[in-house]
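Have a look at the structure below, then the notes.
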Amino acid sequence: MRALVRGAGVAGLTVAFELRRHGHAVEIVDRTARAGAGASGLAGGMLAPFCEGESAPEAVTRLGRAAAEWWEAALPGQVNRDGTLVVAPPRDTGELTRFAARTAGHEWLDEEGIAALEPALAGRFRKALFFREEAHLDPRKALVALHAQLVKDGVHFRLGTSSGKDFDAMFDCTGPAAIGTVRGLRGVRGEMLYLQTSEIGLSRPVRLLHPRHPIYVVPRADHRFMVGATMIEANEGGAISARSLMELLNAAYALHPSFGEARVIETGAGVRPAFDDNLPRVVRIGDAIHVNGFYRHGFLLAPAMAQEAVSLLERVPA
Ligand SMILES: Cc1cc2nc3c(=O)[nH]c(=O)nc-3n(C[C@H](O)[C@H](O)[C@H](O)COP(=O)(O)OP(=O)(O)OC[C@H]3O[C@@H](n4cnc5c(N)ncnc54)[C@H](O)[C@@H]3O)c2cc1C
C-alpha cells in the first residue's frame, strides 16, 4: 500500500517507521523543512511510564512500559536506561510520600543512596524515590536519527502540505495544527529552557516535587540540561513568559545552586496536543487516520499508537 504521513513530529515518524516495518511504501510531508519542528523538538524525552502514572490514567503506564525497548530497537544506543530520581525539598517531603502512594515501580533511597546514584546531589536531600526501570533519550537526536533511517529505507520527505489524493492511505500526524479539525483536541502550552554548565553532572532525569511548580531536569550531552516544563491550558507557543522563566530557574536553583552560574542557552514554548482525558487516540476521520493527542507523552506513547494506527489500516480497507 502507498501511504502518506502528514507531519514529521514524533507521531508521524513513528507511524512511518511502523508502516515501513509492515512493508508499505511511505511518503512524509511536513510544512517545515526539518523533523521535530513542533512540540516534539521541545520535549524532555523522558520515557517515564511510572512517574507519569502519578497524574495520568493507568493506560499511560501500561502502554508506555514498552517504549524504551521500541526506541532502543529502532535507534540502538540512543536510549539511556538509568532510571529517574524524584526528590523534594525538606519542607515538602510530604509531596514525596504522596507521589509514592500514587505510583508503582519505585524504591525509597536515603541520603547515602542518593549520593551513590547522583554524587552531585550528595547532602542536598534526605529522601528520594528511584524509578529504576525508567529511561530517557535526546528527542532531537532521536528524531534526526529516525528521519535518516527512514530516508535510507526509501521514505521520501517533502516540504509542504498535501491532500493525500494520490495515496491508498493517509495518516494525519499534525499535532496541535489539527486543533479545530479533530473534535475535542485542545492545546496545553509547555515552556522549557536549556542550561549549560560544567559545574554539575547528572546521569538521569531528576524530578523536583513542589506543590505548585514541580520541575524536572534532564541531562544532555555537552553539559546541557533541559529544564521543564509548565502546563498551561492554552493553544499558544512562542516565547517563554517572564513568570515561567523565573519559576523554572528558581526550581533548578533549588535542585542545585550550581545552576545559578549556568548559561541559559535556549528557552521555548510548545503546544502539547491533548484530548479531554489526556490520552492519545487513533481515529478515522473521512479518508485520513488521525494519530494525535499525545499530551505529555509523545515519546512515551508514540510507539504503541503507531502500532495501533498501522493495525487499523490493515484491519479496515481504506
Ligand atoms: C516542554 C515539553 C516537554 C515534553 N516532554 C516530554 C517528555 O519528556 N516525554 C514525552 O513522551 N513527551 C513529552 N512532551 C510531549 C511531546 O513533546 C508531544 O506529545 C509530542 O511532541 C507531540 O507530537 P506530535 O508529532 O503529535 O506533534 P508535533 O511534534 O507538534 O508535530 C507535528 C508536525 O506536523 C507538522 N504539520 C503541522 N501541520 C501540517 C500540515 N498541514 N501539513 C504537513 N505538516 C504539518 C508540523 O510542522 C510538525 O512537524 C513534552 C512536550 C513539551 C511541550
- prompt: Taking every DSSP beta bridge that has both residues in the chain, what percent is antiparallel when rounded to the nearest 5?
  reply: 65
Whole-Å semi-axes of the ellipsoid equivalent to region 1-92 (Cα gyration tensor, √5λ, descending): 31, 16, 13
message: Residue by residue through region 71-82, what is 3J(HN,Hα) from phi via Karplus (6.51 cos²θ - 1.76 cosθ + 1.60, θ = phi - 60°)? Round to whole Hz and write x for glycine and proline.
response: 5, 5, 5, 6, 10, x, x, 8, 9, 9, 10, 8
- request: Please identify every one of the trypsin sites (Lys or Arg not before Pro) in region 8-99 that sits in a loop by DSSP and has no more than 11 other beta carbons within 10 Å of its own beta carbon.
  value: none
message: What do you get for GluC sites (Glu not before Pro) in region 220-318 restricted to DSSP loop and a cutoff of at most 14 other Cβ within 10 Å of the site's Cβ?
response: GLU233, GLU236
- prompt: Which of the trypsin sites (Lys or Arg not before Pro) across region 192-225 are loop residues per DSSP, with 12 or fewer other Cβ within 10 Å?
  reply: ARG212
statement: Under a Gaussian network model of the chain whose springs join Cα atoms within less than 10 Å, the largest fluctuation of ILE114, ILE289, ILE265 belongs to ILE265
message: So if I average 1/r over every pair of distinct C-alpha atoms in region 96-148 and take the inverse, what Kirkwood radius in Å does that give?
response: 13.2
statement: Most fluctuating of GLY123, GLY237, GLY270 in the GNM of the chain (C-alpha, under 10 Å) is GLY123
- request: Kindly provide the pair-distance distribution of the chain built from C-alpha pairs, with 20 Å bins from 0 and whole-percent values in order of increasing distance.
  value: 33, 56, 11, 0
- prompt: Calculated from DSSP H runs of 4 or more alone, at -39500 (n - 2.57) each and per residue, what is the 222 nm mean residue ellipticity of the chain, nearest 500?
  reply: -8500 deg cm²/dmol
field: Furthest towards positive pole of dipole, VAL206, GLY184, SER162, structure part region 124-214, Cβ charges
entry: VAL206
- line: Amide H proximity to PHE157 below 5 Å, modelled H, separation 5+ or other chain, gives ILE28
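No value in this document is a laboratory result; all are computed from the given coordinates. These numbers come from a predicted model, not from an experiment. All Cβ positions, even for glycine, are placed from backbone atoms using ideal geometry, and neighbour counts span all protein chains on display.
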